[in-house]
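The values are calculated or read from the model by the stated rules, or taken from the named source; none is laboratory data. The structure presented is a predicted model; accordingly, all values stated were derived computationally and were not measured. Glycine also receives a Cβ, built like all others from the backbone with ideal geometry; neighbour counts cover every protein chain displayed.
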Protein chains: 6
Amino acid sequence: MAGDELTHFDSAGAAHMVDIAAKPETPRMARARAKVVMAPATLERIEAGSMGKGDVLGVARLGGIAGAKQASVAIPLCHPVRLTAVEVAFELDASLPGVIVEATVSAVDRTGPEMEAMCAASSAALTIYDMCKAIDRSMTITDLCLLEKRGGKSGHWTRPPQ
Amino acid sequence: MAGDELTHFDSAGAAHMVDIAAKPETPRMARARAKVVMAPATLERIEAGSMGKGDVLGVARLGGIAGAKQASVAIPLCHPVRLTAVEVAFELDASLPGVIVEATVSAVDRTGPEMEAMCAASSAALTIYDMCKAIDRSMTITDLCLLEKRGGKSGHWTRPPQ
Amino acid sequence: MAGDELTHFDSAGAAHMVDIAAKPETPRMARARAKVVMAPATLERIEAGSMGKGDVLGVARLGGIAGAKQASVAIPLCHPVRLTAVEVAFELDASLPGVIVEATVSAVDRTGPEMEAMCAASSAALTIYDMCKAIDRSMTITDLCLLEKRGGKSGHWTRPPQ
Amino acid sequence: MAGDELTHFDSAGAAHMVDIAAKPETPRMARARAKVVMAPATLERIEAGSMGKGDVLGVARLGGIAGAKQASVAIPLCHPVRLTAVEVAFELDASLPGVIVEATVSAVDRTGPEMEAMCAASSAALTIYDMCKAIDRSMTITDLCLLEKRGGKSGHWTRPPQ
Amino acid sequence: MAGDELTHFDSAGAAHMVDIAAKPETPRMARARAKVVMAPATLERIEAGSMGKGDVLGVARLGGIAGAKQASVAIPLCHPVRLTAVEVAFELDASLPGVIVEATVSAVDRTGPEMEAMCAASSAALTIYDMCKAIDRSMTITDLCLLEKRGGKSGHWTRPPQ
Amino acid sequence: MAGDELTHFDSAGAAHMVDIAAKPETPRMARARAKVVMAPATLERIEAGSMGKGDVLGVARLGGIAGAKQASVAIPLCHPVRLTAVEVAFELDASLPGVIVEATVSAVDRTGPEMEAMCAASSAALTIYDMCKAIDRSMTITDLCLLEKRGGKSGHWTRPPQ
């Protein structure tokens with residue numbers, strides 16, 4: 001456990017945007033993942049489209065980047081963070097069956113881009129859902145979590161094995 | 001399976017915002033769910049805050065509503081939809097342990113608010129993550145899926161038992 | 001008093017975006033006002049600029065229109081409303097001394113543009129503040145209120161004399 | 001009076017976003033206030049809801065934070081500012097009768113968060129209006145003003161007694 | 001010439017968002033075009049990427065759709081319009097040399113999506129510029145114009161030969 | 001030619017937001033231009049309005065500034081950039097006939113405001129189109145290009161004579 005206080009509330013229990021002014025502006029990174037579980041036929045369609053026509057993942061990648069940019073609008077107490085890079089990668093996994101999304105976001109700021117990475121993974125996964133829901137409405141997004149973060153006072157963290 | 005085409009691409013395979021002009025404007029509804037799995041101590045904190053001080057779920061509810069409003073900005077091919085209601089409900093579940101988020105969105109439009117419901121559930125869950133990550137960075141969002149939709153040509157649909 | 005319930009909460013006290021699906025889509029209008037009280041010299045500057053150079057009110061008018069468009073982003077439970085017109089008018093009043101802002105917004109929707117009119121008046125007034133704060137940081141925005149609304153079940157309402 | 005020029009216009013009188021590149025990036029702060037005057041019964045409702053059910057002020061606090069984030073969208077010549085903290089506090093005042101909103105915003109940037117603080121106070125007050133207008137449409141927002149600012153070339157300023 | 005008045009100003013010359021409440025809600029369409037003129041080598045790169053790797057046009061298509069959605073934020077007096085479809089098509093033209101962008105937008109509303117089509121063509125062209133500027137900073141966007149519109153009182157219009 | 005790689009794709013050809021974390025934060029500037037070609041009568045109307053009533057260019061200037069602020073929302077891979085100044089200037093040119101738009105944007109960041117300048121020029125030109133389309137639907141935006149940039153590793157660049 002990283003600490004013992006919900007920092008998004010002040011001492012009276014009121015929500016606030018946490019004060020980060022005293023923290024140094026440093027390079028920071030966060031990496032998040034989501035899995036989109038789907039019918040085997042849906043995965044085949046996505047795979048068939050990866051060569052430029054009907055390219056679900058090409059659209060989902062931009063959905064992920066848009067999600068990173070919108071994080072502070074959708075998440076009430078999230079700071080706007082100065083993004084320096086956003087990468088969204090996909091792995092097709094027949095054993096799910098489905099797509100594994102991995103979003104890596106870096107920033108130079110006084111707080112880290114954990115929420116931007118989580119929002120990027122989430123938006124990329126939701127974009128896959130949006131594009132394939134006409135053929136597979138039961139798709140499920142699962143295992144959305146932070147895998148790693150670097151920078152800031154708490155330093156390097158990797159998700160412990162579950 | 002609801003159909004056999006990825007409607008978000010034209011016949012040449014290019015992505016587009018699907019033409020819905022010919023569909024009738026009717027009342028539509030969608031309901032989505034997400035689960036936030038967390039450490040037992042984190043769930044206790046959330047439960048302790050439900051009486052107005054340190055109210056994680058009160059903030060997350062508004063995060064969900066903000067997510068519904070932002071759906072068409074974060075999801076590239078999603079239409080802006082005329083929302084008529086957004087509800088975000090939470091259930092604390094000690095057996096997860098964690099929080100079950102359920103978002104119900106209604107609209108009167110030519111397409112349904114499925115993506116708005118999915119984005120609302122996702123944003124509410126991500127807001128819980130944001131507010132509790134200082135004490136539990138390993139929380140996982142799981143089982144984000146559509147539970148039900150009503151209205152439109154495809155009518156009433158409920159998620160089949162998995 | 002227009003009613004006796006805070007409609008933005010459900011029966012359990014949870015905030016939600018109120019369900020308006022059952023209401024008819026009709027033409028609606030709302031008119032709001034704000035006053036910006038300032039030093040006499042500031043008012044003179046604004047008056048001097050009204051001929052196209054240093055036109056504070058020309059910028060503030062667009063600030064008001066932008067505020068109407070952004071209402072549902074800044075106000076958590078406000079519905080996005082289909083605007084059909086936005087007018088922002090100014091009156092220079094030497095007796096305040098200051099500027100009286102009046103915003104008139106119309107919409108065809110299932111709920112009225114009261115918040116859009118209030119946000120338009122507020123944003124126009126804040127834009128005046130922004131542009132003149134370098135010479136008069138003590139300006140005050142006062143008497144921001146709804147003057148009139150038309151349409152919907154509650155019909156025509158005008159602010160009673162105070 | 002802090003100066004004698006409307007800096008938001010160039011020498012030809014054209015509006016522009018003021019050049020701040022030459023200013024040092026330093027910690028800055030601004031604090032603004034608004035009062036929401038209402039019927040005594042409305043204030044009682046708000047007070048009754050402060051324990052977590054029907055929590056008007058909990059929603060209004062997030063409306064204020066959203067308003068701070070949206071300042072540069074709603075105010076035409078306002079710079080996007082790097083926010084480092086946003087606090088929105090409320091005081092129930094039976095003598096108004098009504099609610100006093102106080103928003104404190106800090107930033108590390110080349111210009112200060114005065115407009116963000118003013119927009120936060122305004123949005124929080126407008127959110128109170130939105131949530132209570134069903135029972136009290138005549139509520140008035142008044143005395144919206146800057147109380148204090150710190151940082152930057154002009155240094156510390158507090159609103160002089162009126 | 002379609003008329004003789006600048007409808008975006010009232011009789012006193014003040015800018016406003018034009019009142020469209022009295023117009024019928026009907027299907028409307030607009031089609032706009034832009035050309036991106038570039039070095040022959042840049043066009044070759046774009047052509048080489050059209051098979052899914054380094055797909056400039058796939059990204060630009062989504063830039064165009066994002067531009068259509070953002071029209072009413074970037075254009076001060078533009079109404080938010082209810083989009084029902086957005087298509088962005090590209091033609092590689094060795095004789096320019098460059099890319100011809102064509103955006104077709106439809107809506108069911110009281111005003112037409114002319115600005116949405118113009119903004120879609122512009123954003124798609126600007127996205128091409130953004131992605132290729134590292135190899136060809138001198139690219140020029142030219143001939144951005146409306147080609148056709150349908151619906152509304154003024155009916156069908158096609159751009160006359162120049 | 002400034003380089004030989006499309007930096008917006010990784011080595012596998014996937015689009016990403018380019019990593020700029022290692023670049024120094026320095027003052028940067030970009031200047032872009034667009035021309036709006038129109039009927040002579042349209043230009044006369046614009047000229048007649050420049051004295052404060054029916055001021056097309058006053059509105060277009062703010063459209064340009066809004067466009068600069070929205071660049072990273074409309075352009076998928078564009079970084080949010082810290083703007084320090086935005087200027088939009090107009091020249092009426094009877095020989096076009098039309099209006100020449102010039103937008104100058106500065107920023108202190110790890111990447112330059114080229115896209116913000118291009119988007120500002122584009123939005124200002126599109127706003128002119130929006131306001132005058134009721135009298136001249138055939139207006140064309142042409143010659144939208146970067147004129148100059150300063151700062152960053154590639155230093156000072158001016159558009160070579162064509």
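Structure notes:
- Residue in the range B:97-106 that is of a type in the set (Ser, Thr, Tyr) and either free of Cβ contacts under 8 Å to residues at least 60 places away in the same chain or in contact with a Gly (Cβ under 6 Å, 6 or more places away or on another chain) (or both) present: no
- Per the listing A:73, A:81, A:105, A:86, the residue uniquely at pLDDT 95 or above, closer than 24 Å to residue B:79 by Cβ and of a type outside the set (Phe, Trp, Tyr) is A:73.
- The condition of being among the basic types (Lys, Arg), in contact (Cβ under 8 Å) with a residue 12 or more places away in the chain and over 23 Å from residue B:113 (Cα atoms) holds for only one of B:61, B:45, B:28, B:33, that being B:45.
- Test: residue in the range B:37-58 that is surrounded by fewer than 24 Cβ atoms within 10 Å (Cβ to Cβ), over 22 Å from residue E:81 (Cβ atoms), in contact with a His (Cβ under 6 Å, 6 or more places away or on another chain) and more than 9 Å from chain A (Cβ to nearest Cβ): no
- Every pair of residues 6+ apart whose Cβ atoms lie under 9 Å, when the first sits in the range A:145-157 and is in contact (Cβ under 8 Å) with a residue 40 or more places away in the chain while the second is of a type in the set (Asp, Glu) and not in a strand (DSSP E or B): A:146/A:114; A:149/A:114
- Per the listing D:107, D:124, D:103, the residue uniquely within 22 Å of residue D:17 (Cβ to Cβ) and in contact with a strand residue (DSSP E or B) (Cβ under 9 Å, 6 or more places away or on another chain) is D:107.
- Residue tally, condition surrounded by fewer than 24 Cβ atoms within 10 Å (Cβ to Cβ) and either more than 7 Å from chain E (Cβ to nearest Cβ) or under 30 Å from residue F:23 (Cα atoms) (or both), over the range F:127-138: 0
- Within the range B:75-123, being at the interface with another protein chain (Cβ under 9 Å from one of its Cβ atoms), over 24 Å from residue E:80 (Cβ atoms), buried (at least 24 other Cβ atoms within 10 Å of the Cβ) and over 12 Å from the mean Cα position of the chain (by Cα) holds for no residue.
- Residues being more than 18 Å from residue A:157 (Cα to Cα) and of a type in the set (Val, Ile, Thr) - total across the range A:91-114: 3
- So residue C:84, is it touching a strand residue (DSSP E or B) at 6+ places or on another chain (Cβ under 6 Å), under 24 Å from residue C:139 (Cα atoms) and hydroxyl-bearing (Ser, Thr, Tyr): no
- Tally, over the range C:35-60, of residues that are aliphatic (A, V, I, L, M) and part of a loop (DSSP other than H, G, I, E, B): 2
- Test: residue in the range A:63-70 that is within 23 Å of residue A:7 (Cβ to Cβ) and surrounded by fewer than 24 Cβ atoms within 10 Å (Cβ to Cβ): yes
- Positions within the range B:1-34 being part of a strand (DSSP E or B) and more than 9 Å from chain A (Cβ to nearest Cβ), in sequence order: B:17, B:26, B:27, B:28, B:29, B:30, B:31, B:32, B:33
- Within the range E:139-162, the residues that satisfy the criterion of being basic (Lys, Arg) and more than 7 Å from chain F (Cβ to nearest Cβ) are E:149, E:150, E:153.
- In the range A:121-154, the residues that are modelled with pLDDT under 95 and either closer than 17 Å to residue A:31 by Cα or of a type in the set (D, E, K, R) (or both): A:152, A:153, A:154
- The lone exception for residue C:67 - which of (1) within 30 Å of residue D:12 (Cβ to Cβ); (2) at pLDDT 95 or above; (3) more than 10 Å from chain D (Cβ to nearest Cβ) it fails: (3)
- Of C:32, C:21, all but one fail to be surrounded by fewer than 19 Cβ atoms within 10 Å (Cβ to Cβ) and hydrophobic (A, V, I, L, M, F, W, C); the exception is C:21.
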